[in-house]
1. What accessible surface, in Å², does a 1.4 Å probe find on D92, ignoring ligands, DNA and RNA and rounding to the nearest 10?
2. Which peptide among 66-77, 33-44 comes first, and what is the full order, when sorted by highest mean count of other Cβ atoms within 10 Å?
3. Starting from the Cα of Q59, step 7 Å along the direction of its Cβ; do the same at N72; then give the gap between the two resulting points in nm.
4. Largest first, what is the accessible-area ranking of S88, S11 with a 1.4 Å probe?
5. Quote to one decimal, in nm, the extra length available between T16 and K39 on full extension: 0.36 nm per residue of separation minus the C-alpha distance between them.
6. Under the Karplus relation 6.51 cos²θ - 1.76 cosθ + 1.60, θ = phi - 60°, what is the ordered set of whole-Hz ³J(HN,Hα) values for the stretch 58-64, x standing for Gly and Pro?
7. Could you tell me what percent of the accessible area of the stretch 5-69 is made up of carbon and sulfur, with a 1.4 Å probe and every protein chain present?
Amino acid sequence: MDEILKTKKRSTVRFTEEEFAQLKIDVEITGLSIPKLLKLSHFSKKKLRLLLAAEERHQVCTELRRIGNNINQIARCVNSGALEGWYSEFQDALKAISELQQMLAGVHGLR
C-alpha cells in the first residue's frame, strides 16, 4: 500500500468562487469526487500538443518583434506630425505580417 501512495503525485489547484461553485454543481450531478471529475475531464480528451516547435516559436517571436518595431516607427512618424514618410514602414509591417501568416499557414494549414 505504501508503494502505491509513493508513486502517486499530488497537486493543488486554485479556483475562483465561480469555478468552484460550478465544480460543486458538477459533483452533485455526476456523483464523482472533484479529483475524479477533473481527471476524467482532462484525460478523456486528446493529448495536448504544441502548435509550434521551439524553433518555430522563436521564429514567430522574432517576426512579431520586427513587426512591433515597424509599428513603433510608424507611431513615431505619425505622432511627430509628419503626414508623409511613414508609408514605407507601414508597408514593411504589412509585409512582415503577411510573411508570418504564410509561415504559419505553411506549417499548420489554414485555420
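The values are calculated or read from the model by the stated rules, or taken from the named source; none is laboratory data. Note that this is a predicted model, so its numbers are computed, not measured. For neighbour counting, all protein chains shown are included, and Cβ atoms are generated from backbone atoms with ideal geometry for every residue, glycine included. Accessible surface is based on the protein model in full, side chains and every heavy atom, while ligands, DNA and RNA are left aside. Shrake-Rupley method; radii C 1.70, N 1.55, O 1.52, S 1.80 Å.
1. 80
2. Top of the packing list down: 66-77, 33-44.
3. 2.5
4. Largest accessible area first, the list is S11, S88.
5. Length difference between fully extended and current span is 6.4 nm.
6. Each residue's phi maps through the Karplus curve to give 4, 4, 4, 5, 4, 4, 5 Hz.
7. Result for the stretch 5-69: 58 percent of the exposed heavy-atom area is carbon or sulfur.
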